[in-house]
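K.L.:
Before we start, here is the structure in question, set down as structure tokens.
The values are calculated or read from the model by the stated rules, or taken from the named source; none is laboratory data. Given the structure is predicted, the values throughout are model-derived calculations rather than measurements. Note that we place each Cβ from the backbone using ideal geometry, even for glycine, and neighbour counts take in every protein chain shown.
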Amino acid sequence: MNHLLFLPLLIPLTTAIICLALWRRPDLQRIVSLIGASALMLAGWVLLTAVRQQGVLSVQAGAWAAPFGITLVADLLSAAMVCVTGVMGLAVAIYSLADTEPEHERLGYHPLMQVLLLGVCGSFLTGDIFNLYVWFEVMLIASFVLLAMGGKRANMEGAIKYVVLNLIASSLFLAAVGILYGVAGTLNMADLARLIRDAEVTGPLPVIAILFFTAFGIKAAVFPLFFWLPASYHTAPIAVTTIFSALLTKVGVYALIRIFTLIFINEIVAWQPYILTVAGLTMTVGVLGAIAQYEIRRLLSFHIVSQIGYLIMGLGLLTRLSLAGTIYFMIHVIAAKSALFLATGMVRRIAGTTELKKLGGLYRTEPLVAVLFLLPALSLAGIPPLSGFWAKLALVWSGLETGHYITVATALLVSILTLFSMTKIWSEAFWKAEPEGAGTAPFSTVTLPKGSFWLMALPTGFLGLTTVIIGLFPEPLYALCMEAAGQLLQPTAYIAAVLGGSP
Amino acid sequence: MSSVILSTAIRLLLPLLLLFSVFLLLRGHNEPGGGFVGGLVAAAAIALYALAEGAGAARRLLKLDPRSLIAFGLALALTSGMIPLLFGQPLLTGLWLPFPLPVLGHVGTPLLFDVGVYLLVAGMALLIVLSLMEE
Amino acid sequence: MLLALVMSGFLAALAAPVLYHFVPGWAGRLCPLLPLALFACLLTVAGQVSAGTPLVFSLPWIPSLGVSFSLYLDGLGLLFALLVTGIGFLVFLYTPAYLDDDPRLGRLSAWLFAFMGAMLGTVMAGNLMTMFVFWELTGLCSYILIGFDHEQEESRRAALQALLVTGGGGLALLAGFILLGNIGGTMELAELLLRGDAVRAHPLYLPALLLVLAGAFTKSAQFPFHFWLPSAMAAPTPISAYLHSATMVKLGVFLLARLTPILGGSEAWLWQVSGVGAVTMLTGALLAVKEHDLKRILAWSTVSSLGSMILLLGIGTPGTVIAVMTFLLTHALYKSSLFLTVGAIDHVAGSRDIRQLGGLASGMPWLAVAGILGAFSMAGLPPLLGFISKEIVYSATLQSNMLPQILSGLFLAGNALMVTVAVMAGVGPFFGRKPDTPLHPHGLSPLLWLSPLIPALFGLLFGLFPGSATSFLIEPAVRAVSSPSVNVSLALWHGLNMELLLSIITLALGLGVVLFRRRLIALLPSSSDGFRYGPSGWYRLLLDGVPIVARLQTRFVQDGRLRHYLMISIGVAMGLMGLTFLQSGGLPGDLPFPTGYLHEWLTAGIIVAGAVTVTLTDSRLGAVAALGTVGYGVSLVYILYGAPDLAMTQFCIETLSIVLFVLVLYRLPLFTLLSTPAVRLRDAAMATAIGGLMMLLMLYVISQPLVPHVSEFFLANSLSLAHGRNVVNVILVDFRALDTLGEITVLAVAAVGVFGLLKYRSAGGNEP
Amino acid sequence: MESVFAVVVGVLYATGIYLMVRRSIVKTIFGLALLGNGANLLIFTVGRLTAGRPPYIPAGELAPLPPVADPLPQALILTAIVIGFGVQAFALVLIKRVYQTVGSDDVDKMTTTDTIADTGRTP
């Protein structure tokens, strides 16, 4: 039964291999990747159900008992994230049917997407810290290649910054793993947690924790380590940007949550004020960056940074409520932000630009796209009862309960600034009359055939609807998040599932 | 670079190098060697051939596109990992034939895995080198 | 039942556009039926509610967070709900005629329905979170509705202003609600209402109060947030009538009334609430007198009225609560009547400027009746409800135990100005000189005068028979706020007393101001919100300032230079590490002295020399060669310390790397020195510091005792369990084969990526 | 001997980072390569150096004779070397393409994706 844990790795890898073998046939690759993404989503769902019923699941690759082999382990957080990954994979795969350049397909777009999903799922599931590094690299190299596709100047400039800064993060991560092994003699995360909790390992643990924090902080794009993100994300094709924004930074956040709740719990408690400061600055600097922008994709890219601040805030507060809020927030922001990016892609195809100055009148001409944009935008800004509100509610609540008033005030202030920048897009692109000199952009739906329109609208609408549904009926998801947060704060079950023994 | 000496030498060296690479692959489980090094040596052999005879000739010699080689290598490694699943064992569990084969010795899925690594590494190195040479 | 009441609005919002799309002719007639039906429904339960038993409904919504979806209909909620549905009915009746079958009616109706649902939800909420959700939804609907004419920049700006001001207040309110919930131990209104004393005694009472007040004051356009309401008049008039005078802006009053039993009665409450209310009342009244645009006049007068309600709530005696509730009803009736009249005037005459309007009564007698009735009620003339409410207000202030003279004086001034406004807005346009511009009386559909006439007539009815209003509207509401034992009895005639005298003075003063209006205006500052450097100036400053700050910050932080990003990223990592390092006490005592053989030292030397050469050389090939030296040196290290597999791999990879470097580099430019010596020195210092730090960290780790490693297991079991003698290889293909699988995937993708990068150019993607 | 190699790693990190923050993009790749070597050597050293005893099981034995080098860091480094090579090859070619499309190897000229698109300022 626990072999289920292999599926989220096997499915994308097999799909990637088949696509790679079919490199002359993009048409077949599309079908294969669609099937693969569907299967991954299904596997994610089955895994989540299994974890809910049976508790933390683990399996030893190669049948070597932990801590000697590599363990795959799924608690609720991992399983939920894998499930979300599957959903996003499928959504983007459908969207890509209508919005991928043939040249990209010829050069391996589909297998690269699958490898990206593989890396993401691997990162979520692995219970071994070096293996985590490997999956990070798998994810990274696939993202490098996807980002550099296109070969235009903007792609190249974005890619070089992305690549170099992420390589620095990888190098820090690798050094941290090496030193941790030198200190603790094991790589299994549950084993590390046990050793450190039992104080069997001493040495420069805070220093190692800092290395991990900065390495993951770069990946997660926290202040002041986020530069690569606004420099690069907006240069890629929309589908790629979407999957990047949905998953890559979230893997960084996941890793922070995992490592710091499981292994470096003492450090995170000691650093709480600093982490909350980082969270506040990340929110603020990100949202101000967004306000300064006049191009939708750049604006949204800065918002990714800002939202990361909220996730870090939940980690910093470190209560059950705040962690549940972070997990809920993560799922919310994946859905909402992706829907926004995908809707932006539709705007781009319809109006020929994403420059706010050149856009206008879309509320009148494209009411459906307007709705597809408005829902996730409001959700992101935290308008109740959409999902973003409940996400922020838990964080604010937890912050007030624990008396972190400045952080809460920052979070609320950033929330209003988020609303401000969302209404800017809405006002400029949708409400404003079409600007006079906009004749340069082909302003008609002729460029977007009906079929393609619906292929793009379907995943966009689905994700938008998700934020509505988990907003109107948040309880099932919140119950899950609370349970997941409980597992994070009480990792005995996790450790027992990996190393054996009663929890 | 079409020197006669290199051209002649490589014709003699190529089979030797390829054989050596397979040797490295097979003995890797017990002595220094393994799929990586083997694959790299094989790629080096063909890359040398490409230096002497041109990238096109090397592609003709290879018959397979390097990308197919990569896909095949990866598929082989993955398959070797998935075989244990059929027997109810976790992914990548080493399964061994109960008796040693001639020449190869003990044969099991880890060996198959290493062959996959070998093919992939060779394909990768060749794809990069050949693409760069064709620039 | 309660759920159906609230949700029907939202369902109708979904249905309305469909209806307008398929049966445009009928849609306009069907839409008013819903609010009418809801109104009737509310009337059926009015008896039970006014008898003192609130209707309750509760569903668990998010048990994990302790949030339930609760509805609670008591007298206060009922009063508001009846206003929302009743005036909603009029607005739905009026809007299609006003907009002449605009194609956007479908969308407009949808948002109006959603707004109605949100309002009902807010006033009937039985849980703080439930209330907040609906509260924010009203703000959102207001945003969209103010921006109805969204192609006008003014509309967009006004919509944004309303959204930001009320939204900002809303966030404060959220924090306030959470604090309140934490203090009181529950979010359920019914339970909180019983815990007022405990809440007021809590140390966090004051912050919670201030936050809640911020929410209420922004929503009800109280000073210093009063400026957004007149701007919101950019919306079509029926929307202004509905949202921005009769219902939504009263939510602040509603909220304070709702929370009076919990938060009210303290010193802080008294001074904050009544102080702000008083300032707002006078500011609004003065500014109303100054305007020429009918809608803006009414908007400022609304601000003033809201201020007086807040002021009365601040005092919070049973008498003032009665006055608030009576005035609230009165205001809703006459203000909606006046707004709808003004809309009709605008529709017909094409202008809202009082200087251009006059003599309209002859062409539109019924509209004139509606307008004049409304104006008289506003001015407080008998026998209208306005008169009664004014008397009640005066009697409340006169009986107040806090500075009754000053309070009454304040109200006298405010009310007198309201008389002026009533004459300006409700009477002026119908009499006097006819305008030069031609009218279009044929455009006046009966619906346009019927809708304002209905509330005006109700004002008359309630004035003549005040008992009909008190029994089920005012008294239950007062009891919900103040105490269940309060009795309300309203009468048109109280006899000759102080109140009557004050009423007469009010009228005289108000009419006097009408005559001397111009002189009064000259005394007032000229800015739009009444303060030269006032709140709307601050808002503008923020609105313009935030983007400027944002741009400066972003230019500074995200300056586009990769090496700056690198320096900051690495610098932060290493700086933090260094600090932590120092904090944890630095190096432990004794380091093993290096006792290596010569060849070990030599290898180390080779690597260092290579690395330094790469850095210093200005020849590309030299750098490649030096880099190769480093790589081969490292592989020598591997040989020396028992890692032949590593050495072989490193050797092969290094060789391949050199080939790649050469293949690529000979197409790249020569090394150039681009930085100044100072920059180079700075970078070198930073790099040295980082290198030193890494070294220290390693020394620290090395000096620690060796812990037992999991490798023992590999060494012991490699042969017996995994059938291999080369333990490293066994780890790679068996013990940790999953790593290897990931690793070869990386290689495959890297190769595909290199191929793609090289091939893309040939496909012609090479534009700058 | 570990402490000597700690110094060597320090030098590799210092030179690598110095090269990475040069304006010439070509030097960045050299920096990355040095950093990669530094990280590998770091793991190797921190796993402790054992002169001359590779982790092999001699014929006829069931386990290697102690003292023997720790095989796990070696396996990790091998993986890291190979991954590093793949990434480095990609980065190398990327830099070449960057140079070709931008027409310069000065990173300070590659700022078009970061700067705020300046097309006006009304809100």
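K.L.:
Tell me the helices (runs of 4 or more DSSP H) entirely within the range B:22-135 that contain at least 2 residues that are within 14 Å of chain A (Cβ to nearest Cβ) and at pLDDT 90 or above.
P.N.:
Where helices (runs of 4 or more DSSP H) fall fully within the range B:22-135 and carry at least 2 residues being within 14 Å of chain A (Cβ to nearest Cβ) and at pLDDT 90 or above, they are B:66-86, B:109-134.
K.L.:
Name the residue, out of A:L417, A:L400, that is facing another protein chain (nearest Cβ under 9 Å) and in contact (Cβ under 8 Å) with a residue 12 or more places away in the chain.
P.N.:
A:L417
K.L.:
Mind listing whichever residues of the range B:1-40 are of a type in the set (V, I, T), crowded, with 16+ Cβ neighbours inside 10 Å and within 20 Å of B:A57 (Cβ to Cβ)? Even if it seems obvious, please write down each step before you answer.
P.N.:
At the first step, the residues of the range B:1-40 found to be of a type in the set (V, I, T) are B:4-5, B:8, B:10, B:22, B:37.
Now narrow it down to the ones that are crowded, with 16+ Cβ neighbours inside 10 Å: B:10, B:37.
Residue satisfying the conditions is B:I10 alone.
K.L.:
A:F213 - would you say it is under 29 Å from A:H110 (Cβ atoms), aromatic (F, W, Y) and buried (at least 24 other Cβ atoms within 10 Å of the Cβ)?
P.N.:
no
K.L.:
Which of the residues belonging to the range C:727-759 are touching a residue at least 40 places away in the same chain (Cβ under 8 Å) and either of a type in the set (F, W, Y) or touching an Asp or Glu at 6+ places or on another chain (Cβ under 6 Å) (or both)? If you could, list the steps in order and put the result at the bottom.
P.N.:
Pass one, the range C:727-759, residues touching a residue at least 40 places away in the same chain (Cβ under 8 Å): C:728-729.
Passing the criteria: only C:V728.
K.L.:
Related question: What helices (runs of 4 or more DSSP H) lie completely within the range C:177-286 and have 1 or more residues being of a type in the set (V, I, T)?
P.N.:
Output list reads C:196-201, C:205-219, C:237-241, C:251-263.
K.L.:
Of everything in the range C:741-759 that's at the interface with chain D (Cβ under 8 Å from one of its Cβ atoms) and modelled with pLDDT under 90, which residue is surrounded by the most Cβ atoms within 10 Å (Cβ to Cβ)?
P.N.:
Restricting to residues being at the interface with chain D (Cβ under 8 Å from one of its Cβ atoms) and modelled with pLDDT under 90, the top hit is C:L757.
K.L.:
Any chance you could count how many residues in the range C:556-570 are within 35 Å of the chain's Cα centre (by Cα) and either within 7 Å of chain D (Cβ to nearest Cβ) or of a type in the set (D, E) (or both)?
P.N.:
Residues that pass the stated criteria total 3.
K.L.:
Now a separate question. Take the conditions aromatic (F, W, Y), in the same structural domain as C:H244 (by TED's automatic domain parsing), farther than 30 Å from A:T319 by Cβ and outside any helix (DSSP H, G or I) and apply them to C:F57. Does it pass? Please lay out each step first, then the result.
P.N.:
Numbers: aromatic (F, W, Y): yes; in the same structural domain as C:H244 (by TED's automatic domain parsing): yes; farther than 30 Å from A:T319 by Cβ: yes; outside any helix (DSSP H, G or I): yes.
So C:F57 fits the description; yes.
K.L.:
A further question on this structure: Considering only the range B:110-130, state which residues are surrounded by fewer than 24 Cβ atoms within 10 Å (Cβ to Cβ) and free of Cβ contacts under 8 Å to residues at least 60 places away in the same chain.
P.N.:
B:L112, the sole residue that qualifies.
K.L.:
Among the residues of the range A:316-359, write down those that are in contact with a helix residue (DSSP H, G or I) (Cβ under 7 Å, 6 or more places away or on another chain) and more than 25 Å from A:G461 (Cβ to Cβ).
P.N.:
A:G316, A:L317, A:L318, A:T319, A:R320, A:L321, A:S322, A:L323, A:A324, A:G325, A:T326, A:K358
K.L.:
Ok, one more. Identify all residues within the range D:48-98 that are more than 7 Å from every other protein chain (Cβ to nearest Cβ) and part of a loop (DSSP other than H, G, I, E, B); write none if there are none.
P.N.:
D:P58, D:A59, D:G60, D:E61, D:L65, D:P66, D:P67
K.L.:
Here's another thing I want to ask about it. Name every residue in the range C:684-708 that is farther than 18 Å from C:I568 by Cα and more than 7 Å from chain D (Cβ to nearest Cβ), in order of residue number.
P.N.:
Within the range C:684-708, C:L696, C:L697, C:Y700, C:S703, C:Q704, C:P705, C:V707, C:P708 qualify.
K.L.:
While we're on this one: For the range A:476-503, how many residues are surrounded by fewer than 17 Cβ atoms within 10 Å (Cβ to Cβ), within 26 Å of the chain's Cα centre (by Cα) and part of a helix (DSSP H, G or I)? Before you say what the answer is, go through the steps one by one.
P.N.:
Looking only at the range A:476-503, we keep the residues that are surrounded by fewer than 17 Cβ atoms within 10 Å (Cβ to Cβ), and these are A:476, A:479, A:486, A:489-490, A:492-493, A:500-503.
Of the ones still in play, those that are also within 26 Å of the chain's Cα centre (by Cα) are A:476, A:479, A:486, A:489-490, A:493.
Restricting the remaining residues to those that are part of a helix (DSSP H, G or I) gives A:476, A:479, A:486, A:489, A:493.
Selection size over the range A:476-503: 5.
K.L.:
Sticking with this structure for a sec: Picking from C:T397, C:T330, C:T341, C:T317, which residue would you name as being polar (S, T, N, Q), surrounded by 24 or more Cβ atoms within 10 Å (Cβ to Cβ), touching a helix residue (DSSP H, G or I) at 6+ places or on another chain (Cβ under 8 Å) and within 20 Å of C:G265 (Cα to Cα)?
P.N.:
Among C:T397, C:T330, C:T341, C:T317, only C:T397 is polar (S, T, N, Q), surrounded by 24 or more Cβ atoms within 10 Å (Cβ to Cβ), touching a helix residue (DSSP H, G or I) at 6+ places or on another chain (Cβ under 8 Å) and within 20 Å of C:G265 (Cα to Cα).
K.L.:
While we're here: Among the residues of the range A:1-48, how many are within 12 Å of another protein chain (Cβ to nearest Cβ), part of a helix (DSSP H, G or I) and free of Cβ contacts under 8 Å to residues at least 40 places away in the same chain?
P.N.:
Selection size over the range A:1-48: 5.
K.L.:
Another question, if that's okay. Go through (1) more than 10 Å from chain D (Cβ to nearest Cβ); (2) surrounded by fewer than 18 Cβ atoms within 10 Å (Cβ to Cβ) and name the single condition C:Y632 misses.
P.N.:
The one condition C:Y632 does not meet is (2).
K.L.:
Residues of the range A:106-150 being in contact with a strand residue (DSSP E or B) (Cβ under 9 Å, 6 or more places away or on another chain), under 23 Å from A:L48 (Cα atoms) and within 7 Å of another protein chain (Cβ to nearest Cβ), which ones?
P.N.:
First pass over the range A:106-150, keeping only residues in contact with a strand residue (DSSP E or B) (Cβ under 9 Å, 6 or more places away or on another chain): A:122, A:124-132, A:134-135.
If we keep only those that are under 23 Å from A:L48 (Cα atoms) too, we end up with A:122, A:124-129, A:131-132, A:135.
Result: A:G122, A:N131, A:W135.
K.L.:
Would you say C:A299 is among the small types (G, A, S), at pLDDT 90 or above, touching a helix residue (DSSP H, G or I) at 6+ places or on another chain (Cβ under 8 Å) and not in a loop (DSSP other than H, G, I, E, B)?
P.N.:
Taking the combined requirement at face value, the residue satisfies it.
K.L.:
Something else now. Is it the case that some residue within the range C:706-722 is more than 49 Å from the chain's Cα centre (by Cα), farther than 30 Å from B:R27 by Cβ and not β-branched (V, I, T)?
P.N.:
yes
K.L.:
If C:S351 passes every condition in (1) part of a helix (DSSP H, G or I); (2) hydroxyl-bearing (S, T, Y); (3) surrounded by fewer than 24 Cβ atoms within 10 Å (Cβ to Cβ) but one, which one does it miss?
P.N.:
Against the list (1) part of a helix (DSSP H, G or I); (2) hydroxyl-bearing (S, T, Y); (3) surrounded by fewer than 24 Cβ atoms within 10 Å (Cβ to Cβ), C:S351 comes up short only on (1).
K.L.:
Considering only the range C:52-87, state which residues are more than 17 Å from C:F115 (Cα to Cα), among the hydroxyl-bearing types (S, T, Y) and either away from chain A (no Cβ under 14 Å) or touching a residue at least 24 places away in the same chain (Cβ under 8 Å) (or both).
P.N.:
Result: C:T53, C:S58, C:S68, C:S70, C:Y72.
K.L.:
Check C:L501, C:L490, C:L496, C:L520 and return the single one that is modelled with pLDDT of 75 or more, in a helix (DSSP H, G or I) and within 18 Å of C:Q399 (Cα to Cα).
P.N.:
Unique residue meeting the criteria: C:L501.
K.L.:
Which is more than 14 Å from the chain's Cα centre (by Cα), at negative phi and not basic (K, R), of B:L17, B:L6, B:L24?
P.N.:
From the options B:L17, B:L6, B:L24, the qualifying one is B:L6.
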